[in-house]
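Coordinate-derived values only; no laboratory data. Just so you know, these numbers come straight off a predicted model, no measurement behind them. No Cβ is skipped: glycine too gets one built from the backbone with ideal geometry, and neighbour counts run over all protein chains shown.
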Amino acid sequence: MPNTKNSTRRRGKKLEDAVLSAAWNLVNEVGYKDFTMSEVAKRANAAKPVLYRRWSEKSELVASAIIKYGPKIDVSIPDTGSLREDLIKLFSQLLVIFDTFGTEKLHGLLSDRLKSIPVDKILNATSSENKLTEMIMAVLKHSDDRGELDIKNITSRIINLPGILLINEVVEHEAMDKKTIEDIVDRILLPVFLGQKKAADNN
């Protein structure tokens, strides 16, 4: 007699969809803290080792489920005529991420996920590999066109600074709001970005 359980197991895209659906439903039911790979495997009728071959830990699986089933983010590059307003508007569009990941049910997910990703991968300066870097460069280019700064003086370390600050805020506080964004922009980013032009002018 054939093994009914094994015969109904899915593979490939069907398996991935079943796992992600099970993960999404489970995290909404029990929250991230009580989420287990074992329960997902059971619900998706999949072997747990199969899950770990695709998702190395639960934070990666939950993040993948949110990307597939959670709110979609449509980020546009602002051009308000002011670097300050451009930066605030850009980062404010990302608040939907924090509104989703920062809920009580998902407490711990962001810090776990960020801690598991190598910093060089998060902050790779190559725009094709880092959408945040690409967006910041576009905002800085608009500011350069307006004469607010000289983009030639902006190094990769400076371009990576917004990402570092946002990640640090999330890891420490698991939250982000517009007031925090404005504080980061006003106290740190504007002095750094605009200070490069002043330093060059004084040399």
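Starting from the Cα-Cα distance between Val96 and Arg54, subtract it from 0.36 nm times their residue separation and give me the gain in nm to one decimal.
Answer, rounded to one decimal: 12.5 nm.
Report the full-extension gain for the segment Val30 to Ile67: residue separation times 0.36 nm, less the Cα-Cα distance, to one decimal in nm.
11.5 nm
Using a basic spin-label model with each label point 7 Å from the Cα along Cα→Cβ, how many nm lie between Asp74 and Leu190?
The modelled label-to-label distance comes out at 3.0 nm.
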